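Shown next, in structure tokens, is the structure this report addresses.
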Amino acid sequence: MTTPPTPPTPPAPQAPTAPRRGALALLAATQLLLIMDTAIVNVALPSVGEDLGSGSTGLSWVANAYLIAFGGLLLLGGRVADLLGHRRVFLGGLGLLAAASAAGGLAPGADALVAARAAQGAGAALAASAAFALLLLLHPDGPARHRALGAFAAMGGLGGVLGTVLGGVVTDLLGWRSTFWLNVLLAAALAVLALLLLDHRTGPVRHGGFDLTGAFTATAGLGLVAYALVGAGDAGWLSVRTLGAGGAGLALLLAFAAVETRAAAPLVPPPVLARPALRLANALAALAQTTLFPMFFLVSLYLQNVLGYAPLGGGLGLLPLSLVVVAIAPQTGRLIFRMGLHRTMTVGFVLLCAGTLWLALALTPDGGFVSTVLAPSLLLGAALPLAVVTTNVAATAEAGTEETGLASGLVNTSQQFGSVLGLAVLVAVATSRTGADIGAGTGAGDAARAAAETSGYRAALLTGAAFAAAAALLSVRLHPPRRVPAPAPGQQVPDRH
């Protein structure tokens, strides 16, 4: 009897070279900086208000201006990187971020600070889109890319907590302006490392004209939609400002869709959006952040407003979650290899739903961190990298070399708008439920308010769990996209200029 041939053993992934490891560390550090920046400024906002005499509305726009510019310019930034060169746009984004941070540190009033924050968001959008595209170019589809995306997810999870901790420490010791100067130093250091680690010998990956009409309608449309979403909490969902900005933004996005079908060099080629796996992956990326981003915010509020933690303690309360993210994220590639992309993704969303539901049901007005928050937050820490890495893999797997900036811009935009939408919706749910409970309650004092706030946070987290459940069901429909052919043996995939 003939012995059946032994199936060939897949080649073991080769360890990345030192320059490639250095470039990955640089790009992951950039992700850490961009996430950390948002958390640091949020912690410093009360001190900003005291120093500049700004009310709560003005302070909210110190945060919102960054989110609007960041979300509105991500898609444009990714395509500009394809046209002008990823390394050049990456350095330009870091330079703009550093200059805007310096302007924020010197701002004489709230209006100047809001303008500086908008410029910071623009720089962050350019740097984020180019960094993600560089990661895709450095790591062709496969285990190496999965590990790299895991490193990105780990830095994102760590950045929120590190920003909260650093924001509290630096603001207490040196004042709120020092948080902006810290950004200047870090962005400058990353720019110097980029000059040393990223190859400058290659040119742009896309040639031809630029779709100015598409760029204007997409950026203005996305910016107006972001403006409507982040302002809905203050003005109301049915206010003239919210409906007007949202309607105008949607009209511009419809105009953008019409422009792209006739443009000679479209910002987003229609055949790209015709890919079913790409559309579904971007929708799932948005749904993941719709649950995850507000969860961090709501847990921090619960720890501070209900359990009485200081801002620094509220940030440290999220540290166990972030440590789990850092531990699990690098292993996500192995799980994808063993279980398959869509199965790993479904597991991630199921865990996200279960963790958010567990956290919502565990909240009590007289609870404690260990008894209430710790265990479900550890489950959420395992869910975060599985959901984020797999959606990023699916959203970028079909991108060719000339589409890396576009793919990064699309998935970053999806994630950013998922974050903005989730925060707006879940905070509105929490506020509405808290107000209803206070209005209907017979008790008075701190205990009654703590119970009402807990009820609001619980309602918001249950809504987030519903979003995660919808994502888990949709992920079953995801068919693994066709992989882009890997480079031939010996062929180099250089960093882009």
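The values are calculated or read from the model by the stated rules, or taken from the named source; none is laboratory data. What you see is a predicted model; the values in this text were computed from it and never measured. Every residue, glycine as well, gets a Cβ built from its backbone with ideal geometry; the counts of neighbours run over all protein chains shown. Protein only, heavy atoms only, side chains kept; ligands, DNA and RNA dropped before computing areas. Shrake-Rupley method; radii C 1.70, N 1.55, O 1.52, S 1.80 Å.
A few remarks follow.
- Derived scalar couplings between HN and Hα for the stretch 272-283 equal 5, 6, 6, 7, x, 4, 5, 4, 5, 4, 5, 5 Hz in order, rounded to whole Hz, by the Karplus curve 6.51 cos²θ - 1.76 cosθ + 1.60 (θ = phi - 60°), x for Gly and Pro.
- For Ser129, the solvent-accessible surface with a 1.4 Å probe is about 0 Å², rounded to the nearest 10.
- Remark: the stretch 316-331, residue by residue, has Karplus-estimated 3J(HN,Hα) of 5, x, 8, 5, x, 4, 5, 5, 5, 4, 4, 6, 7, 3, x, 8 Hz, where x stands for each Gly or Pro and the curve is 6.51 cos²θ - 1.76 cosθ + 1.60 at θ = phi - 60°.
- Split the accessible area of the chain by element, probe 1.4 Å, and carbon with sulfur accounts for 69%.
- Each of Asp199, Asp82 has its accessible area taken with a 1.4 Å probe; listed largest first, they run Asp199, Asp82.
- Acute angle (nearest 10 degrees) that the helix 56-84 long axis makes with the longest principal axis of the chain, alpha-carbon atoms: 10 degrees
- A 1.4 Å probe over all protein chains sorts Arg343, Arg338, Arg458, Arg147 by accessible area into Arg338, Arg343, Arg147, Arg458, starting with the largest.
- The 1.4 Å probe gives accessible areas that order Arg241, Arg21, largest first, as Arg21, Arg241.
- Distance between the modelled labels on Asn305 and Val240, one decimal in nanometres: 2.9 nm (7 Å Cα→Cβ projection).
- Charges were assigned to the Cβ only: +1 to each Lys and Arg, -1 to each Asp and Glu. The resulting dipole of the chain about its Cα centre is roughly 1340 debye.
- Helix 375-396 axis, angle to the chain major axis (alpha carbon atoms, nearest 10°): 40 degrees
- The Cα-based radius of gyration and maximum Cα-Cα distance (Dmax) for the chain are 22.5, 88 Å.
- Eigen-decomposition of the gyration tensor built on the alpha-carbon atoms of the stretch 43-117 gives equivalent ellipsoid semi-axes of 29, 13, 8 angstrom, largest listed first.
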